[in-house]
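Here is the structure we will look at, set down as structure tokens.
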Amino acid sequence: MVKNKKRFPLFQTFRNSSSIPASKNSVLETANQSISVESSNETSTAAPYSGQFECETGNYHTFCPISCVSWLYQKIEDSFFLVIGTKTCGYFLQNALGVMIFAEPRYAMAELEESDISAQLNDYKELKRLCLQIKQDRNPSVIVWIGTCTTEIIKMDLEGMAPTLEAEIGIPIVVARANGLDYAFTQGEDTVLAAMAQKCPAREGRLKNINLPIARSAIRADETLKSARTSVEDQATKTVTSNSSNSINADPPISNKQLKELVLFGSLPTTIANQLQLELKRQGINVSGWLPSARYSDLPALGENVYVCGINPFLSRTATSLMRRRKCKLISAPFPIGPDGTRAWVEKICNVFGIVPTGLEEREKTIWTNLTESINFIKGKSVFFMGDNLLEISLARFLIRCGMVVYEIGIPYMDKRFQAGELALLEKTCIKMKVPFPRIVEKPDNYYQIQRIKELKPDLVITGMAHANPLEARGITTKWSVEFTFAQIHGFTNTKDLLELVSRPLRRNKNLENHDSLSKTFALQ
Ligand code: SF4
């Protein structure tokens, strides 16, 4: 039976959803606590999205979230990742990501076989054997167990086994469920960071319910903080006496407000993390730590007086964990993707720290001016997001600011409260560019999306790997969404690379058209 593309019987419309608090200076109420969200900056007004928001009942048609291993093991240099799954998971990691799991880098597969699944072998003993081998061969500071679909299905009690085993082997174990059944592509990182947040030392000097290695790292973090505070005070004194310049290259005065601590969460390559840190330093804000840190022993101390801010839109579970379980205060800001997002992100943090930001407007303006040629190439072209990596709202907002027409933003999962700042900036951008608010479709049904793509004929479809080749074969230009996950797209300085990712497939197909017409001309001669 041919399905009628006009009928979408499974749609549920959540227009004007009231799940986001509407007031400025709103209070986000959670089961365990209420946190104040200081939002005098208009980019972070937590109002409901005014555009069309729908939820289709499609599955997660995304890359498997266990792929987070490929970038997290590089980021946390003293870690070891153990993926507990079947051959399928092993093949996925090895083939799709081009990583050699059998070459013994700092991750491995604990491959479940018939005897494991039918409970003929003892899970605890098997995992202990493997973890002791890891300890002997690599001696990591932390072992991260990554649960997969199989451990979910056979209900393997990883969280129950980990505390006993970590006490036995003397290495902390972090358990993250990153299975492809419940989570979309980038949410793998989210589950790891949410679990790791529990292992961060406690601020306030009292180290509760944590084991010895972590206690040691807490003491180290405390000492680091004390010396950081001393250096902040020294620097502030020096700055006052030396009549500092306003140049963005000069070290700015460190505000007294810096006594509030700021921890950023999200995994970025070190160079990009340093760039963002520098942007904040220019405004007089020091970052006290990152989750994840480059070394497990340097995990930031967390507590009631610590402000946390995310750098990626897929980290809602981590944000919730930091708020509810570690009592941190979440700064709800747009994400530092594109010059507009980066400016809004820095502005929001400054706002919470009581600092008036300087030089950001000029900085953003200069970047847009320098990229006029690239922007002119994509201006007026249309784009359709099928939904894969949860970066879709931020990317769409940036592309609308570049003058593109966004037909649809498909997104596998959306926490409207965590993305409130980003949604507000999307609306503000649409108003500024005088375009309608794009339609957002959560958990899109790919069948209906293909019908809409056929009808709308967008110039570019940003999609997961599964659909790219079939769409290309039907004459639709595509870009793999996975490339935006791995490329360096954060901060002011990477805007050119971000634009290049979008314009490259459009340029490639244009060149191919020219080549085709030239070939035909020569053939006729
Ligand atoms: S979807 Fe499930 S079975 Fe497939 S690779 Fe991911 S975790 Fe393994």
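Summary table
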read-out: THR485 vs. criteria of a type in the set (S, T, N, Q), at pLDDT 90 or above, over 30 Å from ALA344 (Cα atoms) and surrounded by 13 or more Cβ atoms within 10 Å (Cβ to Cβ); value: no
read-out: Close pairs from the stretch 125-153: first assigned to a loop (DSSP other than H, G, I, E, B), partner of a type outside the set (A, V, I, L, M, F, W, C) and within 16 Å of the ligand (Cβ to nearest atom), Cβ under 7 Å, at least 6 apart; value: THR148/GLY85; THR148/ASN179
read-out: Looking only at the stretch 164-181, and only at residues there that are more than 10 Å from the ligand (Cβ to nearest atom) and part of a loop (DSSP other than H, G, I, E, B), the one that is farthest from TYR91 (Cα to Cα); value: GLY170
read-out: Candidates ILE411, ILE375 - the one that is of a type in the set (A, V, I, L, M, F, W, C) and under 17 Å from ALA466 (Cβ atoms); value: ILE411
read-out: One residue from ARG317, ARG295 being surrounded by fewer than 17 Cβ atoms within 10 Å (Cβ to Cβ) and either in contact (Cβ under 8 Å) with a residue 12 or more places away in the chain or in the same structural domain as PRO172 (by TED's automatic domain parsing) (or both); value: ARG295
read-out: Where a residue in the stretch 269-283 is within 16 Å of ASN312 (Cα to Cα) and outside any helix (DSSP H, G or I) and its partner, wherever it lies, is at pLDDT below 95 and of a type in the set (Val, Ile, Thr), with Cβ under 7 Å and at least six apart; value: none
read-out: Close pairs (7 angstrom Cβ cut-off, 6 or more residues apart or separate chains): within 21 Å of GLU166 (Cβ to Cβ) and β-branched (Val, Ile, Thr) in the stretch 65-93, part of a helix (DSSP H, G or I) and away from the ligand (no atom under 13 Å from the Cβ) anywhere; value: ILE76/TYR296
read-out: Hits in the stretch 68-82 (condition: farther than 14 Å from ASN139 by Cα, within 14 Å of the ligand (Cβ to nearest atom) and surrounded by fewer than 24 Cβ atoms within 10 Å (Cβ to Cβ)); value: SER70
read-out: Some residue of the stretch 198-211 being at pLDDT 95 or above and either among the aliphatic types (A, V, I, L, M) or assigned by TED's automatic domain parsing to the domain that holds PRO300 (or both); value: no
read-out: Residue that is at pLDDT below 95 and surrounded by fewer than 24 Cβ atoms within 10 Å (Cβ to Cβ), where the choices are LYS428, LYS416; value: LYS416
read-out: Residue count for the stretch 448-462, restricted to those that are closer than 24 Å to ASP415 by Cα and either outside the structural domain of SER481 (by TED's automatic domain parsing) or out of contact with any Phe, Trp or Tyr (no Cβ under 7 Å at 6 or more places or on another chain) (or both); value: 1
read-out: Of the criteria (1) away from the ligand (no atom under 16 Å from the Cβ); (2) buried (at least 22 other Cβ atoms within 10 Å of the Cβ); (3) not in a loop (DSSP other than H, G, I, E, B), which one MET161 fails; value: (2)
read-out: Every residue from the stretch 363-403 that is of a type in the set (D, E, K, R), closer than 25 Å to GLN451 by Cα and part of a helix (DSSP H, G or I); value: GLU392, ARG397
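The values are calculated or read from the model by the stated rules, or taken from the named source; none is laboratory data. Only a predicted model underlies this, so the values are computations on that prediction, with no experimental measurement involved. Don't worry about glycine lacking a Cβ; one is built from the backbone with ideal geometry, like all the others, and counts go over all protein chains shown.
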